[in-house]
Amino acid sequence: MTIDAEKTGQELMRNALNELVADPTAKINKLRVVKKAGLSHGLLNKKSYATIKLDIESAQLTRELELRNRSKDEQIAELTLKLQKAESKVKESKYESQVGSDKSQKNVQGTLMAKLVEMYRYNDLLRAELAEKHNLDIDQETGEVISLKK
């Protein structure tokens, strides 16, 4: 009768272990398997439970590796997402700076053109005043002041 009870206990532990292994988020250790099987923790110290005890320890190590790898995969996914966001921000800022640069460059060019037109207008006014008041003109090629004869 005790042999059947021990075998039943081993089967209960094996089933509990299989259920915990099937759940990818469940932590696996001796205490959890024994509690899930509804048995006493002391049974694992018996020689007849040595195989299930080794299986539990093996499953525990495997699960710890899986959880570490999963957390690394999650970190990689998180970092990849952050990298993609950063790359899109860089692209946006490059585009905005290029657009802003084009606009500011056009503004500077427009300002310079307005000043140049104004300078030509003043030049024309000064030449007209010079010719009218002093009967003088300026040679376009050499820049010499020339006397106008009336």
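The values are calculated or read from the model by the stated rules, or taken from the named source; none is laboratory data. None of the values given here were measured: they were computed from a predicted structure. Counting neighbours? That spans all protein chains shown, and the Cβs are built from the backbone with ideal geometry, glycine included. Ligands, DNA and RNA are excluded from the accessible area calculation, which covers all protein heavy atoms including side chains. Shrake-Rupley method; radii C 1.70, N 1.55, O 1.52, S 1.80 Å.
Structural remarks
- Förster radius 41 Å - calculated FRET efficiency between Thr80 and Leu112, Cβ distance, rounded to 0.05: 0.30
- Computed about the Cα centre, the dipole magnitude for the chain is approximately 1040 debye when only Lys and Arg (+1) and Asp and Glu (-1) carry charge, each at its Cβ.
- Long-range HN-HN contacts of Leu136 with modeled amide H, under 5 Å: Ala131, Leu148
- Cross-link partners of Lys115 among lysines, defined as those whose alpha carbon lies under 27 angstrom from its own and excluding same-chain residues fewer than eight positions apart: Lys103, Lys106, Lys133.
- Restricting attention to the range 1-81, lysine pairs at least eight places apart or on different chains and with alpha-carbon atoms under 15 angstrom apart total 9.
- Carbon + sulfur, % of accessible area of the range 101-147 - ligands and nucleic acids excluded, 1.4 Å: 56 percent
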